[in-house]
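Asker: Below are the structure tokens for one structure; questions will follow.
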Amino acid sequence: MEKGGEAGGGRPEYSIIVPTYNERLNVALIVYLIFKHLRDAKFEIIIVDDGSPDGTQDIVKQLQQVYGEDRVLLRARPRKLGLGTAYIHGLKHASGDFVVIMDADLSHHPKYLPSFIRKQKETGADIVTGTRYVNNGGVHGWNLMRKLTSRGANVLAQTLLRPGASDLTGSFRLYKRSVLEDVISSCVSKGYVFQMEMIVRATRKGYHIEEVPITFVDRVFGISKLGGSEIVGYLKGLVYLLLTT
């Protein structure tokens, strides 16, 4: 494995926050792909691991030996404390002017990162979000029921909240750091509803949001953490946002 990313010397411009829980089989590959596709960018990767029992942190420590502790940061927490708080935790340790949030399970391919960066530079956007629901976007590896559930959740949210973005439940985004700090301080949701609340709050605050088409790929290794409780939580969160925004 090559060290790569030679443009990353000096203070990073981009801080990439990757929350993990039991991602031992994925974390090395996602880190390698980030370095592969961001050769010309100054960045750091912040792994926020919630006490994974599968040895995820041991793999990250090995990656630090390869890429450097200044390029791959491990900022662990003792147990699962929620996705939203994982981003807040990672943000406390971020050095970049821009923050990328993405999943560790390879559903968010790092090959799209240059498109996010390019879109932000071209438009001056406060937020660039990946979307499955425009031309050239899509989903791979989902069964029909999951596709219908995801599409239905987004249509329902679009109808009720008018958020100004086509993909509310996606979590592959680039933020100006100052914007993320402002928006995240307004959010109260945890888990998967957090992504929806972030975009809705950003829209209400008048921030400039741009979109990049992505293909979401179902996780390669491991077990999906989306279940019935998350769906119920999403519906509760939708009602909360309808009443408070």
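Asker: For a quick protection proxy, order the peptides 51-63, 103-115 by their average other-Cβ count within 10 Å, most packed first. Kindly include the intermediate steps, with their values, before the conclusion.
Answerer: Values: 51-63: 16.9, 103-115: 20.0.
Highest to lowest by the protection proxy: 103-115, 51-63.
Asker: I would also like to ask the following. For region 1-110, take N as its residue count and report Rg(C-alpha) divided by 2.2 N^0.38 Å.
Answerer: Normalised Cα radius of gyration, region 1-110: 0.96.
Asker: In square angstrom, rounded to the nearest 10, how much accessible surface does Lys80 have for a 1.4 Å probe?
Answerer: 120 Å²
Asker: Sorted by accessible area (1.4 Å probe), largest first, how do Glu210, Glu122 line up? Don't skip to the answer; put the middle values down first.
Answerer: Working: Glu210 50, Glu122 135 Å².
The ordering from most to least exposed comes out as Glu122, Glu210.
Asker: A further question on this structure: Can you tell me the Rg and Dmax of region 67-126, counting just the alpha carbons, in angstroms?
Answerer: Rg and Dmax of region 67-126, Cα atoms, are 13.6, 40 Å.
Asker: Volume per residue, Å³, of the convex hull around the alpha-carbon atoms of region 15-54? Each step should come with its number before you reach the end.
Answerer: Working: hull volume 1.9 nm³, N = 40.
Dividing the Cα hull volume of region 15-54 by its residues yields 47 Å³.
Asker: Just to be sure I follow: if Rg is taken over the C-alpha atoms of region 33-79 and Rh is the Kirkwood radius over the same atoms, what is Rg/Rh? Let's see the in-between values first.
Answerer: Working: Rg = 11.5 Å, Rh = 11.4 Å.
Expressed as Rg/Rh, it is 1.01.
Asker: Moving on to the next point. In nm, give the distance between the simple-model label positions of Ser166 and Lys119, each being 7 Å from the Cα along the Cα-to-Cβ direction.
Answerer: 0.9 nm
The values are calculated or read from the model by the stated rules, or taken from the named source; none is laboratory data. Keep in mind the model is a prediction, meaning the values are calculated, not measured. Cβ sites come from the backbone with ideal geometry, for glycine too, and all protein chains shown count toward neighbours. Each accessible area value is taken on the protein alone, full model and side chains, heavy atoms only, with ligands, DNA and RNA left out. Shrake-Rupley method; radii C 1.70, N 1.55, O 1.52, S 1.80 Å.
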